[in-house]
1. Quick check, is Glu31 out of contact with any helix residue (DSSP H, G or I) (no Cβ under 9 Å at 6 or more places or on another chain), modelled with pLDDT of 95 or more and closer than 17 Å to His6 by Cα?
2. Looking at this structure, is Lys59 surrounded by 12 or more Cβ atoms within 10 Å (Cβ to Cβ), of a type in the set (Lys, Arg) and touching a residue at least 12 places away in the same chain (Cβ under 8 Å)?
3. Among Arg23, Arg41, which is the only one that is out of contact with any His (no Cβ under 6 Å at 6 or more places or on another chain) and either at pLDDT 95 or above or within 15 Å of Val83 (Cβ to Cβ) (or both)?
4. Counting only residues that are surrounded by 13 or more Cβ atoms within 10 Å (Cβ to Cβ), outside any helix (DSSP H, G or I) and either among the acidic types (Asp, Glu) or under 11 Å from the mean Cα position of the chain (by Cα) (or both), how many does the stretch 26-56 have?
5. Could you grab me the full set of residues in the stretch 70-92 that are part of a strand (DSSP E or B) and among the charged types (D, E, K, R)?
6. Just one of (1) within 11 Å of the chain's Cα centre (by Cα); (2) within 13 Å of Ala8 (Cα to Cα); (3) in a loop (DSSP other than H, G, I, E, B) trips up Glu67, so point out which.
7. Check the stretch 5-25 and report whether any residue there is assigned to a helix (DSSP H, G or I) and aliphatic (A, V, I, L, M).
Amino acid sequence: MEKYRHVAEFRRSFEKDVEKLDREMRNRVFEKIDQILKGSRIGEPLKRKRDYKKVRIGKYRLIYSDEEKCKIVLVKFSHRETVYDELDRSSN
């Protein structure tokens, strides 16, 4: 079993988003989180918020920050058409 290189912090907005998902999608999300915590460099920086990265999971986007050493902050998970606007509203 591979050890995690990072610890996860879940923002409440992320938790609310994941609570709404069906089991299959929730499993896909946590597989990606597992990869991130093990140190995989996945995702690309957002254009408007360079301190956040996005990971594609089908038509959805997982938004996270890895700015702090050894800590991953899971910020948002939503449909690709709405996630960026929701992110802007939540940070204002």
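1. So Glu31 passes the test.
2. Taking the combined requirement at face value, the residue does not satisfy it.
3. Checking each option against the conditions leaves just Arg23.
4. Qualifying residue count for the region: 7.
5. Passing the criteria: Lys71, Lys76.
6. Going through (1) within 11 Å of the chain's Cα centre (by Cα); (2) within 13 Å of Ala8 (Cα to Cα); (3) in a loop (DSSP other than H, G, I, E, B) one by one, Glu67 breaks only (1).
7. Yes: one or more hits.
The values are calculated or read from the model by the stated rules, or taken from the named source; none is laboratory data. For clarity, every value in this text was computed on a predicted model and none was experimentally measured. Don't worry about glycine lacking a Cβ; one is built from the backbone with ideal geometry, like all the others, and counts go over all protein chains shown.
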